[in-house]
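The values are calculated or read from the model by the stated rules, or taken from the named source; none is laboratory data. Every value quoted in this text rests on a predicted model; they were computed, and no experiment measured them. Note that we place each Cβ from the backbone using ideal geometry, even for glycine, and neighbour counts take in every protein chain shown. Each accessible area value is taken on the protein alone, full model and side chains, heavy atoms only, with ligands, DNA and RNA left out. Shrake-Rupley method; radii C 1.70, N 1.55, O 1.52, S 1.80 Å.
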Amino acid sequence: WLNAEHNGYKRNLGVLHRRAIALSPDGRLVEMEDTLSRVGGVTRALRPNLPEDGSLPVDVRFHLAPGCRAKLNADRTVAIQSAGGRIWTVTLNTDAQFELTVAPSLQINHPGGPAAIQQIVASGAMAREADSLTLEWQLSL
C-alpha cells in the first residue's frame, strides 16, 4: 500500500485526510481508501453554514488524467475510458450514504497549459458522532 495524508482541512474543518492506494500484481485492480478523521472541534461559530444536526458535509474527489472520459452508470458505478481505450469500472463502498457524480475539473500543471479534465465526486456527510469516515474505492479492468 502507498499511504499519504494531509492536514489541509484541520484548521477550518477539524479533519485529517488519509489516502491509501494498492495495485494488484497483475495491474487489473486498484484499491483505494480515503479516511477522514476528526482531529479537532468545529463549531457553528467557526462554520455557520454547517447543518443543524452537526454533521459535516463531505465531497471526496478523484481527478482523472487528461484524455480519460467518465460516465455514471445506473448501478452507481462509474465507467472510465482511458485515452488508450481501456474501460475501468469504479465502485465505491462505504457505510454512509454517498452519491457519486462526474463533474468537470481542470489540471493546472499540464505540460501544454491548463487542461480540461473530469473528476469523480463522492458527496455525503460525516455524522456528528463519527470519529472517522472511510470510503473504499475499487477500480477494475
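On a per residue basis, the stretch 63-141 carries 58 Å² of accessible surface, using protein heavy atoms and a 1.4 Å probe.
Across the alpha-carbon set of the chain, the Rg to Rh ratio works out to 0.99, Rh being the Kirkwood radius. For SER132, the accessible surface of its heavy atoms amounts to roughly 60 Å² (probe 1.4 Å, protein chains only, rounded to the nearest 10). Our helix-only sum for the chain, with -39,500 (n - 2.57) per DSSP H run of n ≥ 4 divided by its residues, gives a mean residue ellipticity at 222 nm of -500 deg cm²/dmol.
Counting only protein heavy atoms and using a 1.4 Å probe, what share of the accessible area of the chain belongs to carbon plus sulfur, as a whole percent?
Working: 4400 of 8660 Å².
Carbon and sulfur atoms account for 51 percent of the accessible area of the chain.
For ILE21, put the label point 7 Å out on the Cα→Cβ axis and report which residues of the stretch 97-141 keep their amide N under 15 Å from it. It comes to 119-120, 137-140, nothing else.
If the convex hull of the alpha-carbon atoms of the stretch 12-83 is projected onto planes in all directions, what is the mean projected area in square nanometres? Please list the in-between numbers first.
Details: hull surface 30.0 nm².
Averaged projected hull area, Cα only: 7.5 nm².
Across the chain, C-alpha contacts under 8 Å between residues 6 or more apart give a mean separation that, scaled by the residue count, equals a relative contact order of 27 percent. So which GluC sites (Glu not before Pro) in the stretch 94-141 pass both tests, a DSSP loop state and at most 15 other Cβ atoms within 10 Å of the Cβ? Within the stretch 94-141, the qualifying GluC sites (Glu not before Pro) (loop, at most 15 other Cβ atoms within 10 Å) are GLU129.
Name the shape class, rounded, prolate or oblate, that the alpha-carbon gyration tensor gives for the stretch 40-114, where a ≥ b ≥ c are the square roots of its eigenvalues, rounded holds for a/c under 1.5, and otherwise prolate holds if a/b is larger than b/c and oblate otherwise. Oblate shape, in that a/c is at least 1.5 and b/c is the bigger or equal ratio.
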